[in-house]
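The values are calculated or read from the model by the stated rules, or taken from the named source; none is laboratory data. Predicted model, so just to flag it, every value in this text is computed and none were measured. So basically every Cβ, Gly included, is an ideal-geometry build from the backbone, and we count neighbours across all protein chains shown. Ligands, DNA and RNA are excluded from the accessible area calculation, which covers all protein heavy atoms including side chains. Shrake-Rupley method; radii C 1.70, N 1.55, O 1.52, S 1.80 Å.
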Amino acid sequence: MSLKKKLIVLNTTIMLGLGSAFAIPSVKAESITDIQSQRTGIQSDISEAEQVIQQLKKEQSKMNAQIAQIESAMKENDQKIKDTEQEIKDTEKDIESLKKEIKALEERIAKREEVLKERALSFQESGGDVEYLEVVLGSKSFGEFVNRVGAVATIVEADQQILSEQEADKADLEKKQATVEKKLQSLKDMEVELKGMQSQIEDQKAETVNMKAKIEKKESETEALKQSLENKDAGLEAQIASIRENIKKEEERKASEKADLDRAAEEVNSSNSSTEESSSSSKGEASAKSSSKAESSSNSSKNSSAAKPAASKTETSSKPSSANTGSAITAGYKYIGNSTYKFGGGRTASDIANGLFDCSAFVAWAYKQAGVNLPASTDALKGAGRQVSDSQKQPGDLVFFNTYKTDGHVGIYVGGGKFIGSQSSTGVAIANMDSGYWASVYNGRVVRVN
């Protein structure tokens, strides 16, 4: 075989070897790209799952705080119920004691009246006041006569005074009894209201616990999904590592083959150095031309880039203006879904910080945020402004409801047949007063504060 043919065969072999060396890794590199693309999608899903988990943890933390608030309110309400029940027992004892005093007094009055009736009857049977005349006319001297007249007058006056005092005592006892009975009725009404509130708060806690359980379940499911995605991503990562290892081995094998071919080529080239030098010279010229062309292209690109004007940058900065949160209507919005009804709550910094209000304290607090001082009781709030008709009510007016007593609940009208207030079943919330429970207890009392 001639030298030229040997070179052709050798070059062909080298090219085939090089083609084979890079063909297989190229196919495998495409596989890596596909797998990496899958990993990108999976990692994006993992990131989303982590965000969901973090959000669920925040909601769970919020639920835990709300449950703690509810339990605190339930504990305090339960103590209030016990105190009220004790007050009822004490008041019932007071009533029984007063009843006994009244009964004893009535018996004494009855006996005294019986004595007076007998005396009056005796006077009547003897001709009216004959006995008195006998007593008076039986005097032996004028001095004795005067004394006897005085004695008779004193007896009659004493009887009348005793009767008058006993009647006054009886009236006083009856007044005390009426006061205590009124207090007893008020306490019993309060007990009914407190027990109703406690029941509603327990329902609120049950609902919150149920929501927390759902959040925990969703978090568990998301954690499981995240773990599954991470396992899949780890599997794909292992596949990529395996493919890269195979590519490395394949490249090493082809490099070894290429080295063998290079040695064979050197043997052929040494036998015809002139041909190799000629070939090398041609390659040098081609390389120089290629380098010159590349440099020219590079300079042209740089000049083109330098000719372009620098892009101007304009910075803008704007801050949203904060909304006016000072109005009484909107002040309590931050407590919606984040508060608990507490009988007597909302009168301390701790209660306010933890969203623990009763209805009247919430109204007073909300108006205080608007710069208006109001009393924190429903009875006092009735006189905190001027009363207007129901048809004239407007946002900001106080509206009253007959719950456990007349005007037992109060809220702030927000318009559209709705009001905001601290309700025993929900804490601070906006409720509909045109239908349902609140419509049935709304009494039409509207007080305008301004």
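Could you check the stretch 203-217 and list, in sequence order, the residues that are among the small types (Gly, Ala, Ser) and under 15 Å from the mean Cα position of the chain (by Cα)?
206
If you go through the stretch 401-419, how many residues are more than 25 Å from the chain's Cα centre (by Cα) and at pLDDT 90 or above?
Matching residues across the stretch 401-419 total 2.
Run residue 426 past the list (1) more than 21 Å from residue 205 (Cβ to Cβ); (2) under 19 Å from the mean Cα position of the chain (by Cα); (3) polar (S, T, N, Q) and report the number of the one that doesn't hold.
(1)
Return only the number of the condition from (1) exposed (fewer than 15 other Cβ atoms within 10 Å of the Cβ); (2) closer than 21 Å to residue 76 by Cα; (3) among the β-branched types (Val, Ile, Thr) that residue 388 does not satisfy.
(2)
Can you tell me which residues in the stretch 371-381 are of a type outside the set (Asp, Glu) and open to solvent by 60 Å² or more (accessible area, probe 1.4 Å)?
371, 373
I want to confirm something. Restricting to the stretch 69-103 and keeping residues that are at pLDDT below 80 and of a type in the set (Gly, Ala, Ser), which single residue is surrounded by the most Cβ atoms within 10 Å (Cβ to Cβ)?
73
Considering only residues that are in contact with a strand residue (DSSP E or B) (Cβ under 8 Å, 6 or more places away or on another chain) and outside any helix (DSSP H, G or I), look in the stretch 325-344 and name the one that is surrounded by the most Cβ atoms within 10 Å (Cβ to Cβ).
340
Tally time: how many residues in the stretch 416-436 are in contact (Cβ under 8 Å) with a residue 60 or more places away in the chain and surrounded by fewer than 20 Cβ atoms within 10 Å (Cβ to Cβ)?
Looking only at that region, the number is 3.
Going residue by residue through the stretch 140-151, is there one that turns out to be of a type in the set (Lys, Arg) and modelled with pLDDT under 75?
yes
Residue check, residue 53 against (1) open to solvent by less than 30 Å² (accessible area, probe 1.4 Å); (2) within 21 Å of residue 205 (Cβ to Cβ), all met but one. Which one?
All conditions are met except number (2).
Against the conditions (1) in contact (Cβ under 8 Å) with a residue 60 or more places away in the chain; (2) closer than 21 Å to residue 432 by Cα, where does residue 355 fall short? Just the number, please.
The one condition residue 355 does not meet is (2).
One line per residue, one yes/no per condition, for (1) within 30 Å of residue 425 (Cβ to Cβ); (2) open to solvent by less than 60 Å² (accessible area, probe 1.4 Å):
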| position | (1), (2) |
| --- | --- |
| 209 | yes, no |
| 216 | yes, no |
| 227 | no, no |
| 231 | no, no |
| 234 | no, yes |
| 240 | no, yes |
| 244 | no, no |
| 248 | no, no |
| 252 | no, no |
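Restricting attention to the stretch 408-415, does a residue exist that is over 17 Å from residue 363 (Cα atoms), open to solvent by 20 Å² or more (accessible area, probe 1.4 Å) and either of a type outside the set (Val, Ile, Thr) or touching a residue at least 40 places away in the same chain (Cβ under 8 Å) (or both)?
Within the stretch 408-415, not a single residue is over 17 Å from residue 363 (Cα atoms), open to solvent by 20 Å² or more (accessible area, probe 1.4 Å) and either of a type outside the set (Val, Ile, Thr) or touching a residue at least 40 places away in the same chain (Cβ under 8 Å) (or both).
Any chance the stretch 437-446 includes a residue that's surrounded by 19 or more Cβ atoms within 10 Å (Cβ to Cβ), on the phi < 0 side of the Ramachandran plot, under 25 Å from the mean Cα position of the chain (by Cα) and not aromatic (Phe, Trp, Tyr)?
no
Identify the single condition in (1) modelled with pLDDT of 50 or more; (2) open to solvent by 50 Å² or more (accessible area, probe 1.4 Å); (3) touching a helix residue (DSSP H, G or I) at 6+ places or on another chain (Cβ under 8 Å); (4) not aliphatic (A, V, I, L, M) that residue 117 does not satisfy, given that it satisfies every other one.
Answer for residue 117: the failing condition is (3).
Just need a number here: residues in the stretch 167-193 that are of a type in the set (A, V, I, L, M) and either open to solvent by less than 50 Å² (accessible area, probe 1.4 Å) or touching a residue at least 60 places away in the same chain (Cβ under 8 Å) (or both).
Counting residues in the stretch 167-193 that are of a type in the set (A, V, I, L, M) and either open to solvent by less than 50 Å² (accessible area, probe 1.4 Å) or touching a residue at least 60 places away in the same chain (Cβ under 8 Å) (or both) gives 6.
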